[in-house]
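Data block below; observations after.
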Amino acid sequence: MTFFGDIEKLKALKNKLKMQELPVVIECFDISHISGTAMVASMVQFRNALPDKNNYRRYKIKTVEGIDDFASIAEVVRRRYSRLIYENAELPDLVLIDGGIGQLNAATAELKKLNVGIPTISIAKRFEEIYVPGAEEPLILSRKSKALKLLQQVRDEAHRFAIAYNRLLRKKELLK
């Protein structure tokens, strides 16, 4: 089975981000809460630009008090990659964070502490800006860009998965 159209998206993303290797495995993190309640995170994985639902993960935020998306992203990135390192498991080719420069900095700081060199970027919803560590300005991709479409698809799936988990926990709480 071939994924021609999807491979084209991966090639476009590789070129736009000036990556050495094709980002075959992309993992994306998102945080979801309502005024700080039922604070959760999601991690979705795309393989060959397609959702790999067997590798989706959801997290209850354990160490963060109040509303702090930066600390929440840091917690789940630390938990995810500490575990993969411990299990000697495959690391992704690219990490995508739903958010701006603050969320990106929180994630990259955790990866640095773990001594993990995974390329990491973030995408901010309002103007669809792509933040890249060390870049002075965000990367703005054409709305028609295959690379942007792929990043949006991955981000939107992480967002959907996080909201679904948040709703599930709030529903369980109501039923108590």
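Quick one: length gained pulling Asp52 to Asn15 fully straight, 0.36 nm per residue minus the C-alpha distance?
Result for the pair: 11.0 nm of gain on full extension.
Counting only GluC sites (Glu not before Pro) that are in a DSSP loop and have at most 14 other C-beta atoms within 10 Å, tell me the longest site-free stretch of the chain. Walk me through the numbers before you get to the answer.
Working: sites that count: Glu21, Glu65, Glu87, Glu90, Glu136.
Answer from the scan: 91-135.
In Å², what does the accessible area per residue of the stretch 134-176 work out to with a 1.4 Å probe?
Values: 2970 Å² over 43 residues.
Ligands and nucleic acids excluded, the result is 69 Å² per residue.
Could you work out the relative contact order of the chain, using alpha carbon pairs under 8 angstrom and six or more residues apart, expressed as a whole percent?
25
On a 0 to 90 degree scale, rounded to 10, what angle separates helix 4-17 from the longest Cα axis of the chain?
For 4-17 against the chain, the angle is about 90 degrees.
With each run of n ≥ 4 DSSP H residues scored as -39500 (n - 2.57), what mean residue ellipticity at 222 nm is computed for the chain after dividing by its residue count and rounding to the nearest 500 deg cm²/dmol?
-14500 deg cm²/dmol
Would you work out what percent of the accessible area of the stretch 122-176, with all protein chains in place, is carbon or sulfur (probe 1.4 Å)?
55
At 1.4 Å probe size, with the rest of the protein present, what percent of the exposed accessible area of the stretch 19-68 is carbon and sulfur atoms?
Ligands and nucleic acids excluded, carbon and sulfur give 44 percent.
How do Leu168, Leu94 stack up against each other in accessible area, from largest to smallest, with a 1.4 angstrom probe? List each step's numbers first, then the result.
Working: Leu168 60, Leu94 0 Å².
These residues rank, largest area first, as Leu168, Leu94.
Label Thr63 and Arg167 with points 7 Å out from Cα along Cα→Cβ: what is the distance between them in nm?
3.1
The values are calculated or read from the model by the stated rules, or taken from the named source; none is laboratory data. Given the structure is predicted, the values throughout are model-derived calculations rather than measurements. Note that we place each Cβ from the backbone using ideal geometry, even for glycine, and neighbour counts take in every protein chain shown. The protein model used for the area step is the full one, side chains on, heavy atoms only, and it has no ligands, DNA or RNA in it. Shrake-Rupley method; radii C 1.70, N 1.55, O 1.52, S 1.80 Å.
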